[in-house]
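The structure appears below as structure tokens.
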Amino acid sequence: MDSSTTGLLTGTKVLDFTQYLAGPTATRLMAEMGAEIIKVEQAKSGDPSRAIPFLKNGRSAYYIQQNRGKRSICVDFNSQHGIELIRSLVPKMDIVIDNYGPGVLAKRGLDYESLKQLNPSIIACSVSVFGKEGPLSNRTGYDYIGQAYSGVMHMTGDAEGPPRFVGVALADGIAGVNAFAALGYALLHRDRTGQGQFLDISMVDALYHMQSVELQMYSASGGAYHPMRFGIHHHISCPQGVFKSKEGYIVLLVLDRQWPNMAKAMGRPELEKDPRYATLQLRAKNQKDLIEIIEKWLQSFETDEEALRVLAENRVPSAPVLTIEETIEHPHFRARRMVRDITDPLLGPVTIPGFPFKFSAFPNEVDLEAPTLGQHNEDVLSSHLNLDSFEINHLVAQGILFSDDH
């Protein structure tokens with residue numbers, strides 16, 4: 001299925017200055033929905049993620065995952081002619097998105113104030129660690145910096161140990177999805193009113209917004225409650241944590257409504273009203289003994305699968321702690337099409353995460369490929385700026401355009 005002919009965002013044109021992960025996440029999702037994504041890369045090496053392992057035949061699996069379905073043009077950002085080429089594309093676009101550091105685009109006349117002079121209805125989006133306003137806005141940073149500032153890192157790890165970062169690119173991913181969502185509503189507003197606008201998306205903001213109970217509990221308690229990491233078992237509820245099982249680890253989250261089910265599943269119905277465990281608060285107070293009881297029960301099964309079956313039959317919220325390898329062949333991930341096997345023309349077969357949004361009107365995934373560097377120089381400049389082959393070859397000869405083929 002061709003993304004240029006079908007999708008919720010078919011006809012939407014995006015000038016994409018993003019690199020690495022946070023920004024490319026937003027435009028990757030838009031590409032899946034049919035938007036035309038023109039990825040503007042700096043000569044001569046392009047998006048630095050092209051060099052991130054795993055590499056095969058000079059091709060990065062990381063780059064492929066984040067940039068499928070995009071069209072690449074590679075331009076000398078230090079050339080005024082090159083910048084003017086980019087500026088000439090702006091009136092043809094609906095969206096311009098970047099995740100460059102402070103001042104990189106502004107000094108080239110590609111900041112929002114300059115863009116809206118070229119296209120008053122343009123929607124510009126910037127994804128950064130700290131946002132464009134605030135005392136920290138001029139600082140650079142990456143995912144772990146966002147995790148540290150947002151309080152997420154403080155809440156991760158053992159209570160008596162150091163804070164720990166989350167083992168996936170949480171700040172990048174969440175910020176990219178936030179940008180994707182904001183752009184959708186900005187397009188809706190633009191289509192209703194004709195009005196463009198600037199979207200300021202911060203990794204720290206995106207993660208801070210995820211603080212579910214910590215902030216209001218501290219505030220409502222007048223400072224008596226101090227949010228603190230608590231390791232693998234929640235400190236105010238039990239069973240709620242990671243339990244050692246026969247073959248690995250099983251996560252349980254059992255609140256008051258599920259506690260009778262848990263007692264029944266264990267074949268210990270008397271525990272439901274046991275004075276040590278009858279309420280959430282009592283179970284938290286006596287969690288050391290309760291954890292020992294539960295782990296002994298879990299380890300009595302021959303397999304974790306059997307323990308999980310009994311838990312599921314009794315409607316106890318539970319899950320195995322799956323490895324990445326285990327997710328790839330898990331029937332649920334396969335049924336949900338969240339494991340996608342693709343073949344890249346250069347790298348070959350590779351497995352990537354699937355598209356997380358399921359639209360009944362667009363049930364099929366699109367068949368996309370990641371571009372080589374500058375692969376679409378001629379296609380983009382001829383279709384949007386009416387440049388002919390002679391003019392484009394002249395720009396290549398001058399070093400203003402670059403591609404893997406030149």
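With all protein chains present and a 1.4 Å probe, how do LEU85, LEU255 order by accessible area, largest first? Write down the numbers at each step before the final one.
Values: LEU85 20, LEU255 75 Å².
Descending order: LEU255, LEU85.
Using a/c under 1.5 as the rounded threshold, could you call region 248-400 rounded, prolate or oblate? The axes a ≥ b ≥ c are square roots of the C-alpha gyration tensor eigenvalues, and prolate needs a/b larger than b/c, oblate otherwise.
Working: a/c = 3.85, a/b = 3.51, b/c = 1.10.
It is prolate, given that a/c is not under 1.5 and a/b is the larger ratio.
Once the principal axes of the Cα atoms of region 1-59 are found, what is the range along each, listed largest first in whole angstroms?
Answer, in whole Å and largest first: 32, 22, 19 Å.
Of the listed values (i) 92, 64, 49; (ii) 84, 49, 40; (iii) 70, 51, 44, grab the one calculated as Cα extents along the principal axes in Å from the structure here.
(ii)
Is there a pair in LYS107/LYS132; LYS39/LYS132; LYS13/LYS92; LYS13/LYS70 whose C-alpha atoms are over 19 Å apart, and which pairs would that be?
On the way: LYS107/LYS132 15 Å; LYS39/LYS132 22 Å; LYS13/LYS92 8 Å; LYS13/LYS70 11 Å.
With Cα atoms farther than 19 Å apart: LYS39/LYS132.
With charges only on Cβ, +1 for K and R and -1 for D and E, what is the dipole size of region 88-134 about its Cα centre, in debye, rounded to 20?
Details: 5 positive and 5 negative charges, 27 e Å.
It comes to approximately 140 debye.
Place the peptides 64-77, 87-100 in order of packing, highest mean first, counting for every residue the other Cβ atoms within 10 Å and averaging per peptide.
Ranking, from highest mean packing down: 64-77, 87-100.
For the chain, what does the relative contact order come out to in percent, with C-alpha contacts under 8 Å and a separation of six or more?
On the way: 708 pairs, mean separation 79.4, N = 406.
Relative contact order, the chain: 20 percent.
Pull out a ≥ b ≥ c, the square roots of the eigenvalues of the alpha-carbon gyration tensor of region 339-406, then state rounded if a/c is under 1.5, prolate if not and a/b is larger than b/c, and oblate in the remaining case. Please list the in-between numbers first.
Working: a/c = 4.37, a/b = 1.98, b/c = 2.21.
Since a/c reaches 1.5 but b/c is at least a/b, the shape of region 339-406 is classed as oblate.
Using only alpha carbon pairs under 8 Å that are at least six residues apart, calculate the relative contact order of region 166-240 and give it in whole percent.
Reported as a whole number, the value is 26 percent.
Within region 200-308, report the trypsin sites (Lys or Arg not before Pro) that DSSP leaves as loop and that have at most 10 other Cβ atoms within 10 Å.
Numbers: sites: ARG229, LYS244, LYS246, ARG257, LYS264, LYS273, ARG276, ARG283, LYS285, LYS288, LYS296; in loops: ARG229, LYS246, ARG257, ARG276.
The qualifying sites are ARG257.
If you place +1 on the Cβ of every Lys and Arg, -1 on the Cβ of every Asp and Glu, and leave all else neutral, what size is the dipole of the chain about its Cα centre, to the nearest 20 Debye? Display every interim value, and only then the final one.
On the way: 39 positive and 48 negative charges, 189 e Å.
That gives the chain a dipole magnitude of about 900 debye.
Modelling each spin label as a point 7 Å along the Cα-to-Cβ direction, I'd like the VAL168/LYS273 distance in nm, to one decimal.
It works out to 4.3 nm between the two label points.
Compute the distance from the alpha-carbon center of region 68-144 to that of region 227-293, in whole Å.
Cα centroid to Cα centroid, the span is 51 Å.
As I understand it, the dipole of the chain uses +1 on the Cβ of Lys and Arg and -1 on the Cβ of Asp and Glu, about the Cα centre. Which of LEU395, PHE130, GLN287 lies farthest toward its positive end?
It is GLN287.
Rounded to the nearest 0.05, what FRET efficiency do ILE352 and LYS296 give with R0 = 51 Å and r taken as the Cβ-Cβ distance? Could you check?
On the way: r = 40 Å, r/R0 = 0.79.
Efficiency, from the Cβ-Cβ distance: 0.80.
Show me, for region 364-371, the HN-Hα J-couplings you get by feeding each phi into the Karplus relation (A = 6.51, B = -1.76, C = 1.60, θ = phi - 60°), rounded to Hz, glycine and proline as x.
Once θ is set to phi - 60°, the couplings for region 364-371 become 9, 6, 8, 8, 10, 10, 7, x Hz.
Between GLU113 and ASN78, how many nm apart are label points set 7 Å from Cα along the C-beta direction?
Output for this residue pair reads 2.7 nm.
For a quick check: with amide H placed at 1.01 Å from N, whose amide H comes under 5 Å from TYR249's, ignoring anything fewer than 5 positions away on the same chain?
Placed amide hydrogens put VAL321 under 5 Å from TYR249.
Between beta-carbons, use under 10 Å as the cut-off and find the net charge around PHE402, counting Lys and Arg +1, Asp and Glu -1. Spell out each step's value before the answer.
Working: positive: LYS44; negative: GLU41, ASP76, ASP404, ASP405.
Here the count lands on -3.
By a straight-distance test (C-alpha under 27 Å), which lysines pair with LYS244 as possible cross-link partners, with residues fewer than eight away in the same chain excluded?
Filter leaves LYS264, LYS273, LYS285, LYS288, LYS296.
When a/c is below 1.5 the answer is rounded, else prolate if a/b is larger than b/c, else oblate, so apply that to region 1-147 with a ≥ b ≥ c taken from the square roots of the Cα gyration tensor eigenvalues.
On the way: a/c = 1.36, a/b = 1.06, b/c = 1.28.
Rounded.
For the Cα atoms of the chain, what angle does the longest principal axis make with the long axis of helix 22-32, in degrees from 0 to 90, nearest 10?
Once rounded, the angle reads 80 degrees.
What size of dipole, in debye to the nearest 20, comes out for region 19-114 about its Cα centre when the only charges are +1 on Lys and Arg C-beta atoms and -1 on Asp and Glu C-beta atoms?
Working: 13 positive and 10 negative charges, 89 e Å.
Rounded to the nearest 20 debye, it is 420 debye.
Put +1 on the Cβ of each Lys and Arg and -1 on the Cβ of each Asp and Glu in the chain; which of LEU105, TRP259, PHE362 then has its Cα farthest toward the positive end of the dipole?
Projecting each Cα onto the dipole axis, the largest value belongs to TRP259.
At 10 °C and a viscosity of 1.306 mPa s, what translational diffusion coefficient does Stokes-Einstein give for region 205-286, taking Rh as the Kirkwood radius over Cα pairs? Give it in µm²/s as a whole number.
On the way: Rh = 14.6 Å.
Using the Kirkwood radius from Cα pairs, D works out to 109 µm²/s.
Using Cα pairs under 8 angstrom and six or more residues apart, how large is the relative contact order of region 44-97, in percent? Can you show the working numbers first?
Details: 30 pairs, mean separation 11.6, N = 54.
Over region 44-97, the number comes to 22 percent.
Projecting each Cα onto the charge dipole of region 95-245 (Lys/Arg +1, Asp/Glu -1 at the beta carbon, about the Cα centre), which of TYR142, PHE198, ILE174 comes out farthest on the positive side?
PHE198
The values are calculated or read from the model by the stated rules, or taken from the named source; none is laboratory data. Just so you know, these numbers come straight off a predicted model, no measurement behind them. No Cβ is skipped: glycine too gets one built from the backbone with ideal geometry, and neighbour counts run over all protein chains shown. Please note that ligands, DNA and RNA were not included when accessible areas were found on the heavy atoms of the full protein model with its side chains. Shrake-Rupley method; radii C 1.70, N 1.55, O 1.52, S 1.80 Å.
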